[in-house]
Amino acid sequence: MAPSSWTDERIDQILGNLLRAGVILASSVVLLGAVLYLTRHGTQVHDYQVFRGEPPDLRGLRGILQDARALSGRGIIQLGIVLLLATPVARVMFSVFAFARQRDYTYVFVTLLVLMILLYSMMGG
Amino acid sequence: MNILELTLLLWVGAVAAGLVGALTGLGGGVIIVPMLTLLFKVDIHYAVGAALVSVIATSSGAAAAYVKEGYSNVRIGMFLEVATTLGALAGAYLALVVSGASIAIIFGFVLLGSAYLSSRSRQETTDLSPPDPLATRLRMNGTYPTAEGMQSYHPRRVPFAWAVMFVAGVLSGLLGIGSGALKVLALDQIMRLPFKVSTTTSNFMIGVTAAASAGIYLNRGYIDPGLAMPVMLGVLIGATWGARLLTVARVSLLRIVFTVVIIALAVQMIIHGFTGKL
């Protein structure tokens with residue numbers, strides 16, 4: 001496709017679809033995890049009054065993937081949340097690409113800066 | 001109360017929070033934190049984590065509809081996102097060291113400020129002075145569709161807006177809110193963008209800002225799946241419903257009622273913070 005067809009309008013449309021797809025995918029995974037979690041643990045009691053922090057396996061991508069693969073409800077919900085966090089990151093990545101196609105290198109730089117800040121946070125800060 | 005009952009109640013509450021957030025234009029995050037802490041007695045750190053997740057969901061969901069209308073300015077949004085994401089990192093680190101009571105007090109005051117900002121009637125000003133050289137160099141001048149055809153606009157005072165956006169980012173990371181009211185203030189009062197452009201660009205930025213602090217929250221164990229699940233799914237439904245309602249019904253009376261509710265919530269947060277009940 002010729003670079004000239006990458007107009008701002010076309011980019012906006014792709015961005016809109018990307019965001020919608022990300023939210024739908026993430027919500028579906030969270031919902032699936034919710035069903036598993038509630039059918040297994042629905043009758044138990046959990047208290048959020050005191051902050052204890054999540055166990056280490058629910059804090060990082062590797063542990064979350066492991067839990068999700070073991071079909072733990074909480075693990076699958078957390079995976080859905082990770083997918084949700086990834087949606088804005090994907091949006092920013094796409095913008096880097098789109099600005100590069102427009103040869104707008106000032107904004108390639110600006111967008112890469114935002115991407116680096118996001119990735120720094122995702123790695124745990 | 002067992003987990004199933006609690007989850008259902010949280011979900012119903014989150015639907016209401018998303019609805020009120022959309023109708024008042026304040027966003028679900030500012031309602032969900034007081035609701036979780038005051039009503040459900042959830043520790044404020046968990047509440048902020050769950051609220052951030054819901055903020056990302058609603059922002060991305062709504063942005064999908066907005067960007068297609070062609071109002072948002074991606075360049076302005078991206079340039080200011082450098083400020084909001086840096087601020088969000090700072091806010092998330094601050095949240096790790098600040099006590100729950102202090103977060104509640106700051107939350108209450110920010111909520112009062114946001115309610116004030118969004119209830120003010122805004123005057124659209126036509127600015128006929130020549131385009132700002134910095135904004136022009138950054139290719140921020142743009143056009144947007146109006147009833148009279150495409151209208152051009154020229155942003156002003158970019159550095160000042162950038163600084164305000166940094167503060168908006170800090171508040172977002174510390175309190176789990178979208179900081180939409182402050183972002184819109186920077187875009188339409190400081191940069192003098194048209195309303196439609198500021199509200200849609202602000203919404204566009206909220207998700208990226210919240211993601212910048214949510215990564216740190218997740219890694220420090222502040223995001224609980226059992227709590228974030230009903231909150232995220234509920235707020236998303238409530239916000240979608242609220243956005244639809246806004247297009248078909250006049251909601252000025254509802255807005256006044258909800259603003260009163262929000263002021264009451266803010267005062268409660270401040271009192272609870274000072275008396276150490278949180």
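Quick test for you: out of A:LEU71, A:LEU84, A:LEU32, A:LEU38, pick the one residue that is within 15 Å of the chain's Cα centre (by Cα) and of a type outside the set (Lys, Arg). The unique qualifying residue is A:LEU84. The set of residues from region B:33-45 being at the interface with another protein chain (Cβ under 9 Å from one of its Cβ atoms) and of a type in the set (A, V, I, L, M) comprises B:LEU36, B:VAL42, B:ILE44.
Take B:LEU8 and decide whether it is part of a helix (DSSP H, G or I), away from chain A (no Cβ under 14 Å) and surrounded by fewer than 24 Cβ atoms within 10 Å (Cβ to Cβ). For B:LEU8, the condition - part of a helix (DSSP H, G or I), away from chain A (no Cβ under 14 Å) and surrounded by fewer than 24 Cβ atoms within 10 Å (Cβ to Cβ) - is not met.
Counting only residues that are of a type in the set (Asp, Glu) and closer than 25 Å to B:LYS41 by Cα, which one in region A:4-58 is farthest from the other protein chains (Cβ to nearest Cβ)?
As a first pass, look at region A:4-58 and keep what is of a type in the set (Asp, Glu): A:8-9, A:12, A:47, A:54, A:57.
Now drop any that are not closer than 25 Å to B:LYS41 by Cα, which leaves A:47, A:54.
Details: A:ASP47: 9, A:GLU54: 4 Å.
Residue satisfying both the conditions and the ranking: A:ASP47.
Of the residues making up region A:11-58, those that are closer than 14 Å to B:MET229 by Cβ, of a type in the set (Gly, Ala, Ser) and surrounded by fewer than 17 Cβ atoms within 10 Å (Cβ to Cβ) number 2. When restricted to residues that are touching an Asp or Glu at 6+ places or on another chain (Cβ under 8 Å) and closer than 27 Å to B:SER59 by Cα, region A:18-50 contains 1. Within region A:59-79, the residues that satisfy the criterion of being more than 7 Å from chain B (Cβ to nearest Cβ) and buried (at least 20 other Cβ atoms within 10 Å of the Cβ) are A:ILE64, A:ASP67, A:ALA68, A:SER72, A:GLY73, A:GLY75, A:ILE76, A:LEU79.
Of the residues B:VAL30, B:VAL48, the single one that is more than 12 Å from every other protein chain (Cβ to nearest Cβ) and in a helix (DSSP H, G or I) is B:VAL30. Within region A:28-73, the residues that satisfy the criterion of being under 27 Å from B:LEU38 (Cβ atoms) and either touching a residue at least 40 places away in the same chain (Cβ under 8 Å) or in contact with a strand residue (DSSP E or B) (Cβ under 8 Å, 6 or more places away or on another chain) (or both) are A:VAL30, A:ALA34, A:TYR37. The criterion of being charged (D, E, K, R) and under 14 Å from the mean Cα position of the chain (by Cα) does not hold for B:LYS196. In region A:92-113, the qualifying residues are those that are more than 7 Å from chain B (Cβ to nearest Cβ), touching a residue at least 12 places away in the same chain (Cβ under 8 Å) and not hydrophobic (A, V, I, L, M, F, W, C), and the one that is surrounded by the fewest Cβ atoms within 10 Å (Cβ to Cβ) is A:ARG103.
Yes/no per residue for (1) modelled with pLDDT of 80 or more; (2) outside any helix (DSSP H, G or I); (3) exposed (fewer than 15 other Cβ atoms within 10 Å of the Cβ); (4) among the aliphatic types (A, V, I, L, M):
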position	(1), (2), (3), (4)
B:SER114	yes, no, no, no
B:LEU117	yes, no, no, yes
B:ALA135	yes, no, no, yes
B:SER152	yes, yes, yes, no
B:TRP162	yes, no, no, no
B:LEU171	yes, no, no, yes
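Are any of the residues in region B:35-52 surrounded by fewer than 24 Cβ atoms within 10 Å (Cβ to Cβ), of a type in the set (Lys, Arg) and within 22 Å of A:LEU84 (Cβ to Cβ)? Among the residues of region B:35-52, not one is surrounded by fewer than 24 Cβ atoms within 10 Å (Cβ to Cβ), of a type in the set (Lys, Arg) and within 22 Å of A:LEU84 (Cβ to Cβ), which makes the answer no.
The values are calculated or read from the model by the stated rules, or taken from the named source; none is laboratory data. What you see is a predicted model, and the numbers here were worked out from it, not measured in a lab. Using ideal geometry, Cβ is built from the backbone for each residue, glycine included, and neighbour counts are taken over all protein chains shown.
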